[in-house]
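**Student:** Just passing along the structure, written as structure tokens.
The values are calculated or read from the model by the stated rules, or taken from the named source; none is laboratory data. Small disclaimer: the values here were computed from a predicted structure and weren't measured. Please note: Cβ atoms are built from the backbone with ideal geometry, for glycine as well, and neighbour counts cover all protein chains shown. What goes into the accessible areas is simple: the full protein's heavy atoms, side chains included, and nothing from ligands, DNA or RNA. Shrake-Rupley method; radii C 1.70, N 1.55, O 1.52, S 1.80 Å.
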Amino acid sequence: MVGGTNAGSDNAIHRMAMDDPIPWYKKRNLRTMYLLLFPCVIGIEMTSGFDSQIINAAQLLPHWKLYFGNPTGAYNGILASALPLGSVIGLPLIPLVNDTFGRRWCIMFGSCVMIVGTIIQGFAFNGPMYIIARGIIGFGLPYAIVAGSCLIGELGYPKERPILTSLFNACYFIGAIVAAGSTFGTQTIDNDWSWRIPSLLQMAPSLLQVSFVFFLPESPRYLMSKDRVEEAEQVLIKYHAEGNPNSPFVQAEIAEIRATLEIEMEHSKRSWMDLVRTPGMRRRVLIGSLLGLFTQLSGNVVISYFLGDVLKLIGFTDPAFQAKYNLGNQCWSLICGVSAALVVMRFRRRTMYLTGILSILAVYVAWTICTAIFIANKSDVAAKLSLFWIYAYSPAYNLCFNALTYTYLIEVFPYAQRARGISIFQFWGKAAQFFGTNVNPIGTQAIGWKYLLVYCCWIFAEAIMIWFLWPETSGRSLEELAFLFEPEEYAKMTEAAVKKTIAHVEDLNKDEKVV
């Protein structure tokens, strides 16, 4: 079974939003909210991107290597993997904070923790202190990521929601560019500040979130779940109807959210056990878990964290060249990430996933062959082609695992279990990142280019699992998708409430015109 229930349905909310002729930038309230979303929420993933390049670029700095005793193998791995380890430790409590105190307070908590960790990292005086600091940053990061991705999906107007949630992950590369650029700039500093300055800069996204997050409204779905119905309605009226309380769209949206939440809460105990209680939830958990693994075990960690080792395999050992190539790759990746996010509304989700994963497989096979030829024959052509394939990896990866990750997770998991579902994704993602950052340096040291063959086989397996397990979610509202794998009567109950509300609002508008 590759699809879910309700496939091809004609959802009234989605249709009304897509038929809206007024673009977002001509709506004052919606425009203001979107502009605030960037520093408050969308930029959260900049910390993840910054972190990958802090380790990647720091390994090119002589003073960083000297200060931490020229780390190699397992020691080098734990310096990189301390952050995902800290994330795994912090995950169990995220749904409690997110669903009890709200999305904004959860972002605030995670950001404050990351600021503390970044300060300790920047002033670390030995390896253990550096590792602990990175663990603290990792502990706070998923609180902000889970809450931020939920808030974007639950605040965004349905017409732009998939683009907003896709841009969330694309911001990873802004952080990566700043980290790579700042480290490239500080490599001329002939002391420990060459790595301390970029380390301290990692708190910049968190400072933005702490400064601006309370300028945003709270999630209307969270407010309704806490019986703060009037507040939720005011948020939707202000931002989705530009202050018009009689808007048929926003009245239908309110009715759909309220009806869906009532059904969800009736069948949910708001506990971790809900994730395995029904076949539908078990399938969601399987998809979220596999997606976490795929986003970190599709060969990207090799490029993100250990590019220097990869370039050495093909004969490019000059630190200056490595730094420039790395910076260029991050800029290219940002272009690919944003481009993929902007076209997410034009293609079906399964089409993008399958196209992306098959492209990743083709790139990895070609890269592996070129690297093997260089090592066997010292061919300059093979070495330069390897450089090309590393760059070609970015558009392939961004097409699916970057652009669609949070868009898909928010669509697959219903409100009552959304925070837990994204936490499950984070758990497997960070666990895979921890595994990759520890195993990759050992693997490349032990068997060299042949280590890339392991990824070729695994990426092929990923493509098979995506084909059989991934349902189609495009073209539907979040509330309709809440019953993707559930009995059809739940969706029909919500649909009936929406139709009744639309009819009532239309009758009122007719009466007003008559008067």
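**Student:** Given the residues Lys384, Lys378, Lys430, which is the only one that is of a type in the set (Lys, Arg) and without any contact (Cβ under 8 Å) to a residue 40 or more places away in the chain?
**Tutor:** Just a single option satisfies the conditions, and that option is Lys384.
**Student:** Still on this structure, please answer the following. Looking at the range 12-48, which of its residues are in contact (Cβ under 8 Å) with a residue 12 or more places away in the chain, in a helix (DSSP H, G or I) and either over 30 Å from Ala255 (Cα atoms) or of a type in the set (Lys, Arg) (or both)?
**Tutor:** Result: Arg28, Pro39, Gly43, Ile44, Glu45, Met46, Thr47, Ser48.
**Student:** Which residue out of Tyr391, Tyr364 is open to solvent by 10 Å² or more (accessible area, probe 1.4 Å), in a helix (DSSP H, G or I) and closer than 23 Å to Asn56 by Cα?
**Tutor:** Matching residue, one of Tyr391, Tyr364: Tyr391.
**Student:** Only one of (1) open to solvent by less than 60 Å² (accessible area, probe 1.4 Å); (2) part of a loop (DSSP other than H, G, I, E, B); (3) over 26 Å from Ser87 (Cα atoms) fails for Thr317. Which number is that?
**Tutor:** For Thr317, the exception is condition (1).
**Student:** Among the residues in the range 12-25, are any modelled with pLDDT under 85, of a type in the set (Gly, Ala, Ser) and either in contact with a His (Cβ under 9 Å, 6 or more places away or on another chain) or open to solvent by 10 Å² or more (accessible area, probe 1.4 Å) (or both)?
**Tutor:** Scanning the range 12-25 turns up at least one residue that is modelled with pLDDT under 85, of a type in the set (Gly, Ala, Ser) and either in contact with a His (Cβ under 9 Å, 6 or more places away or on another chain) or open to solvent by 10 Å² or more (accessible area, probe 1.4 Å) (or both).
**Student:** Kindly check whether there is at least one residue in the range 242-254 that is open to solvent by less than 50 Å² (accessible area, probe 1.4 Å) and at positive phi.
**Tutor:** Step one: list which residues in the range 242-254 are open to solvent by less than 50 Å² (accessible area, probe 1.4 Å), which gives 243, 247-250, 252-254.
Adding the requirement that they be at positive phi leaves 243.
Checking the range 242-254: at least one residue is open to solvent by less than 50 Å² (accessible area, probe 1.4 Å) and at positive phi.
**Student:** Follow-up. Kindly establish whether Asn300 is at pLDDT below 90 and open to solvent by less than 10 Å² (accessible area, probe 1.4 Å).
**Tutor:** For Asn300, the condition - at pLDDT below 90 and open to solvent by less than 10 Å² (accessible area, probe 1.4 Å) - is not met.
**Student:** Same structure again: Test each condition in (1) of a type in the set (Val, Ile, Thr); (2) in contact with a Phe, Trp or Tyr (Cβ under 8 Å, 6 or more places away or on another chain); (3) not in a helix (DSSP H, G or I) for Ile263 and report the one that comes out false.
**Tutor:** Condition (3) is where Ile263 drops out.
Yes or no, residue by residue, for (1) surrounded by fewer than 20 Cβ atoms within 10 Å (Cβ to Cβ); (2) part of a helix (DSSP H, G or I); (3) modelled with pLDDT under 80; (4) not polar (S, T, N, Q):
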position: Met1; (1), (2), (3), (4): yes, no, yes, yes
position: Phe50; (1), (2), (3), (4): no, yes, no, yes
position: Ala57; (1), (2), (3), (4): no, yes, yes, yes
position: Pro84; (1), (2), (3), (4): no, yes, no, yes
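**Student:** In addition: Filter the range 418-473 down to residues that are within 30 Å of Tyr222 (Cβ to Cβ) and either part of a helix (DSSP H, G or I) or open to solvent by 10 Å² or more (accessible area, probe 1.4 Å) (or both), then give me how many there are.
**Tutor:** 18
**Student:** Could you list, in sequence order, all residues of the range 195-227 that are of a type in the set (Lys, Arg) and crowded, with 16+ Cβ neighbours inside 10 Å?
**Tutor:** Residues satisfying the conditions are Arg196, Arg221.
**Student:** Which residues, counting only those in the range 431-453, are under 16 Å from Ala366 (Cβ atoms) and among the aliphatic types (A, V, I, L, M)?
**Tutor:** Within the range 431-453, Leu452, Leu453 meet the criteria.
**Student:** Something else: If you scan the range 116-130, which residues turn out to be open to solvent by less than 10 Å² (accessible area, probe 1.4 Å) and closer than 16 Å to Leu207 by Cβ?
**Tutor:** Gly117, Thr118, Gln121, Gly122
**Student:** Based on this model, can you work out whether Gly292 counts as open to solvent by less than 10 Å² (accessible area, probe 1.4 Å), within 18 Å of the chain's Cα centre (by Cα) and modelled with pLDDT under 90?
**Tutor:** no
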